[in-house]
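The structure appears below as structure tokens.
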Amino acid sequence: MDDWKALVVADVMTMDPITVGSDAPIETAERVLRLNQISGLPVVGDDGELIGVISQTDLLLAGSPSVGAALRNRPNGLRVGELMSSPAITVSLTAGLHEAACQMRDAHVHRLVVIDDDDRPVGVLSAMDFVTLFAEV
């Protein structure tokens, strides 16, 4: 059971994450989350650099009275960049799983975006990845 302590983020993460641009309509993010049955998306800028994360929790805010009022008063609709959490909480490919789990716990998040040396998302480590790991042990 202690073999998992030798694993690093790259061993367990979901590779090639689905991303969304910050200028995308919020409806696009909602649709991508639903169709792919995931709970969060890395948000990237025009150059592919990670700038935030949009999650189902962020989308729930759209139902609040203040965000609803903003939606009604915006001719172009709400954009991902307006609701995303930023900065994204990230982890490196070579970080240990224990370190990543502590980071998730301390930040009260369900996922970490795995980035390369150029701050581009290369994966996502989610709480479900930990569940899957331990279910297979």
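Points to keep in mind about this one:
- Residues in the range 30-55 that are farther than 17 Å from Arg79 by Cβ and either open to solvent by 30 Å² or more (accessible area, probe 1.4 Å) or among the polar types (S, T, N, Q) (or both): Arg34, Leu35, Asn36, Gln37, Ile38, Ser39, Asp47, Glu49.
- The residue pairs whose first member lies in the range 27-48 and is at positive phi and assigned to a loop (DSSP other than H, G, I, E, B), whose second member is open to solvent by 70 Å² or more (accessible area, probe 1.4 Å) and modelled with pLDDT under 90, and whose beta carbons are closer than 7 Å, counting only pairs six or more residues apart or on different chains, are Gly48/Arg120.
Yes/no matrix, rows are residues, columns are (1) open to solvent by 30 Å² or more (accessible area, probe 1.4 Å); (2) touching a Gly at 6+ places or on another chain (Cβ under 6 Å); (3) at pLDDT 95 or above; (4) at positive phi:
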{"residue": "Met84", "(1), (2), (3), (4)": "yes, yes, no, no"}
{"residue": "Ala88", "(1), (2), (3), (4)": "no, yes, no, no"}
{"residue": "His98", "(1), (2), (3), (4)": "yes, no, no, no"}
{"residue": "Asp117", "(1), (2), (3), (4)": "yes, no, no, no"}
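- Residues within the range 1-20 that are within 13 Å of the chain's Cα centre (by Cα) and either in a loop (DSSP other than H, G, I, E, B) or over 19 Å from Val114 (Cβ atoms) (or both), tallied: 5
- Pairing residues of the range 118-137 that are part of a strand (DSSP E or B) with residues that are surrounded by fewer than 14 Cβ atoms within 10 Å (Cβ to Cβ), at Cβ distances under 6 Å and at least 6 apart in sequence or on separate chains, gives Val122/Asp116; Gly123/Met15.
The values are calculated or read from the model by the stated rules, or taken from the named source; none is laboratory data. Just so it is clear, the structure is predicted and the values come from calculations on it, not from any experiment. FYI the Cβ positions are ideal-geometry reconstructions off the backbone, even for glycines, and counts take in every protein chain you see. These area figures cover heavy atoms from the full protein model, side chains too; ligands, DNA and RNA do not enter into them. Shrake-Rupley method; radii C 1.70, N 1.55, O 1.52, S 1.80 Å.
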